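**Q** Sharing a structure here in structure tokens format.
The values are calculated or read from the model by the stated rules, or taken from the named source; none is laboratory data. Since this is a predicted model, take the numbers as computed values, not measurements. Note: ideal-geometry Cβ built from the backbone for every residue, glycine included; neighbour counts use all protein chains shown. Calculation scope for accessible area: heavy atoms of the full protein, side chains included, ligands and nucleic acids excluded. Shrake-Rupley method; radii C 1.70, N 1.55, O 1.52, S 1.80 Å.
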Amino acid sequence: MTRFGKHPGLLVRQQEPFNAGPAPALLARDFLTPNDLFFVRNHGGVPAVDPDSYRLSIEGLVDRPLVLSMAELKSRPKRTVTATLQCAGNRRRELMDVAPIPNELGWGFEAVGNASWGGVPLCDLLALAGPLAEGRHVAFAGLDTTERHGARFNFGGSVPLAKAAAPEVLLAYEMNGEPLPPVHGAPVRALVPGYIGARSVKWLARIVVQAEPSDNYFQSRAYRLFPPHSTAENVQWEQGMMLGEMSLNSVILIPAETDVMPAGRVVVRGFALAGPGRSVERVDLSIDGGGSWAVADLARETPGAAQTPETAAAAGWTWRLWESRVELGPGLHQLACRAWDSSAQTQPESPAQLWNFKGYMNNAWHRVRVRCRA
Ligand SMILES: Nc1nc2c(c(=O)[nH]1)N[C@H]1C(S)=C(S)[C@@H](COP(=O)(O)O)O[C@H]1N2
Ligand SMILES: [Mo]
């Protein structure tokens, strides 16, 4: 057992604060990522929150500010949403191979997981509070603290009110049918399907309806996409694009880089993720580094995952697993995958086109080199 009840097969990127994710072959096993395998991205310590004294406030530009206890939250109608959570820094390692990215975690592609989340739809509580006409954004603040540039503050961020009021956004207190584990934000976290993981604020304490996006460091500086000439030394923070919606991505989970296997039939498996309002329509796999492509098989939506037909159709926020059986001869091979979405977009070829000094949003073709024995 590693810390926080996590599986020993987790790759620990940092002990303090704790940051870890599953080895690729473990991630490939299930449509719903088991809680003990689910990646953890923490910017500070895990706060101990007493569920009995816990209160959640909804305030700011609202008619009727609310303060809710855990019992009050749980007494409201519950909704279950299957959604993939992915860190904007997932696949940063490949960007680091293009040029250095100092002071950031070198995630492979394990900062992602898919779970079924249970909780209260935020839209129900917003309807009770009554946002005022000037309200345009909904800011979330957590109970954990972190330090940047000499100041200590709570983790936070915001999403546009239109997204916050969409039915899939939850105040989640269950994860895969179990009580939300402490390391994932107990007693309650925001769950914003289709958005970068940073907006799904854990240990959620305050929800503020406001005219502008959150001025929290993690919205106003970090989690912005900067042009390639920006660096830590010359950055103009307001030049960065605030990240929100996830982009189209796909990854080969097995085999893994540098795997050695017998020549012959090889099963290649991975996931693809579209982003909100779009769906994964096709995944292509290449066994010659992208020279030629064949179409992979997309897995059916897994039965039993609670999903209404409308949300399944809009399943931009739930990953699709895919599989392809290929014949590989003896020697070295470079596999590559790329997904296509319902707006006929595909992924960029190279991480060099995407490099940014914070290392976010890498969705280049994913490449894996393997060797087959004769
Ligand atoms: N309060 C709080 N919420 C947070 C974070 C954090 O450090 N503190 N990290 C965010 C980031 S960057 C990501 S990717 C997700 C990760 O969620 P997980 O640890 O449950 O996988 O939580 C988000 N919510
Ligand atoms: Mo993240």
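**Q** Being over 19 Å from Thr258 (Cβ atoms), open to solvent by 20 Å² or more (accessible area, probe 1.4 Å) and at pLDDT below 95 is true for just one of Ala344, Ala294, Ala313, Ala374. Which residue is that?
**A** Ala313
**Q** I'm told Ile58 meets every condition in (1) among the aliphatic types (A, V, I, L, M); (2) without any contact (Cβ under 8 Å) to a residue 12 or more places away in the chain; (3) within 18 Å of Arg199 (Cα to Cα) except one. Can you identify the failing condition by its number?
**A** It fails just one condition, (2).
**Q** If you don't mind, another one. State which residue pairs qualify: first residue over 11 Å from Pro22 (Cβ atoms) and inside the stretch 32-43, second residue within 10 Å of ligand 1 (Cβ to nearest atom) and assigned to a loop (DSSP other than H, G, I, E, B) in any location, beta carbons under 7 Å apart, and separation of 6 or more residues or different chains.
**A** Asn35/Pro181; Arg41/Cys87; Arg41/Ala111; Asn42/Pro17; Asn42/Phe18; His43/Pro17
**Q** If you take the residues of the stretch 91-115 that are under 11 Å from Leu27 (Cβ atoms) and in a loop (DSSP other than H, G, I, E, B), which of them is most open to solvent (accessible area, probe 1.4 Å)?
**A** Residues of the stretch 91-115 that are under 11 Å from Leu27 (Cβ atoms), as a first pass: 108-114.
Still in the list and also in a loop (DSSP other than H, G, I, E, B): 108-111.
Details: Gly108: 17, Phe109: 35, Glu110: 8, Ala111: 0 Å².
Ranking the qualifying residues of the stretch 91-115, first place goes to Phe109.
**Q** Could you tell me whether any residue of the stretch 54-70 is of a type in the set (Phe, Trp, Tyr), closer than 30 Å to Arg367 by Cα and in a loop (DSSP other than H, G, I, E, B)?
**A** Residues of the stretch 54-70 of a type in the set (Phe, Trp, Tyr): 54.
After this cut, where a residue has to be closer than 30 Å to Arg367 by Cα as well, the list is none.
Scanning the stretch 54-70, I find no residue that is of a type in the set (Phe, Trp, Tyr), closer than 30 Å to Arg367 by Cα and in a loop (DSSP other than H, G, I, E, B), so the answer is no.
**Q** Looking at the stretch 88-118 only, could you name the residues that are over 25 Å from Arg269 (Cα atoms), within 14 Å of ligand 2 (Cβ to nearest atom) and not hydrophobic (A, V, I, L, M, F, W, C)?
**A** Matches in the stretch 88-118: Glu104 only.
**Q** Of these, Val192, Val208, which one is touching a strand residue (DSSP E or B) at 6+ places or on another chain (Cβ under 9 Å), within 15 Å of ligand 1 (Cβ to nearest atom) and free of Cβ contacts under 8 Å to residues at least 40 places away in the same chain?
**A** The match here is Val192.
**Q** Scan the strands (runs of 3 or more DSSP E) fully inside the stretch 196-274 and keep the ones with 1 or more residues being touching a Phe, Trp or Tyr at 6+ places or on another chain (Cβ under 9 Å) and at pLDDT 95 or above.
**A** Filter on the stretch 196-274 gives 204-210, 249-254, 264-273.
**Q** Somewhere in the stretch 28-38, is a residue in a loop (DSSP other than H, G, I, E, B), of a type in the set (Ser, Thr, Tyr) and over 18 Å from Arg206 (Cα atoms)?
**A** Checking the stretch 28-38: at least one residue is in a loop (DSSP other than H, G, I, E, B), of a type in the set (Ser, Thr, Tyr) and over 18 Å from Arg206 (Cα atoms).
**Q** Here are some residues: Arg29, Arg13. Which one is open to solvent by 10 Å² or more (accessible area, probe 1.4 Å) and either in contact (Cβ under 8 Å) with a residue 60 or more places away in the chain or among the small types (Gly, Ala, Ser) (or both)? Before the answer, list the steps.
**A** Working: Arg29 fails: either in contact (Cβ under 8 Å) with a residue 60 or more places away in the chain or among the small types (Gly, Ala, Ser) (or both).
Residue meeting the stated conditions: Arg13.
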